[in-house]
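Shown next, in structure tokens, is the structure this report addresses.
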Amino acid sequence: MVRDEPSKGSRVALKIIEIVALMPPAAPGLFVGWGRWDNAYSAGLMLAIDIAAINLSAKLVFVLKGITPRQWPDKSRARRSLRWSFIFRGGSLLVPAFLIWLARC
């Protein structure tokens, strides 16, 4: 069996995806190092929103797909904490968004 090697274009696309995925966590530190505090603040808020959005969407996918714990005591505990989980995750998305709005005013 002949193994298909990825083309040069697909390898370049994968490298771009890696760079884009790794840049948001590094951006606040880079801006702090350059002394650009306003940009570091904006990049930090963007990073916080990214993390909160990923976390909220993962929880939403679990709920929509019906993924639950296997054992009965864990299921009842998970059901009770579901509401608080969404409130906390939604709030963690709204706080940085509010701070960005506040900085723009």
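The values are calculated or read from the model by the stated rules, or taken from the named source; none is laboratory data. These numbers come from a predicted model, not from an experiment. Neighbour counts run over all protein chains shown; Cβ positions are idealised from the backbone, glycine included. Accessible surface is based on the protein model in full, side chains and every heavy atom, while ligands, DNA and RNA are left aside. Shrake-Rupley method; radii C 1.70, N 1.55, O 1.52, S 1.80 Å.
For the list (1) at pLDDT 75 or above; (2) open to solvent by 100 Å² or more (accessible area, probe 1.4 Å), I need the number of the one condition that ILE19 fails.
Only one criterion in (1) at pLDDT 75 or above; (2) open to solvent by 100 Å² or more (accessible area, probe 1.4 Å) is unmet by ILE19, namely (1).
Counting only residues that are open to solvent by 100 Å² or more (accessible area, probe 1.4 Å) and in a helix (DSSP H, G or I), which one in region 1-13 is modelled with the highest pLDDT?
ARG11
Given the residues SER92, SER57, SER81, SER76, which is the only one that is touching a residue at least 12 places away in the same chain (Cβ under 8 Å), at negative phi, surrounded by 10 or more Cβ atoms within 10 Å (Cβ to Cβ) and of a type in the set (S, T, N, Q)?
Within the list SER92, SER57, SER81, SER76, the selection yields SER92.
Please enumerate the residues belonging to region 38-49 that are without any contact (Cβ under 8 Å) to a residue 40 or more places away in the chain and either in a loop (DSSP other than H, G, I, E, B) or open to solvent by less than 60 Å² (accessible area, probe 1.4 Å) (or both).
If the condition is that a residue be without any contact (Cβ under 8 Å) to a residue 40 or more places away in the chain and either in a loop (DSSP other than H, G, I, E, B) or open to solvent by less than 60 Å² (accessible area, probe 1.4 Å) (or both), then ASN39, ALA40, ALA43, GLY44, LEU47 are the ones that fit.
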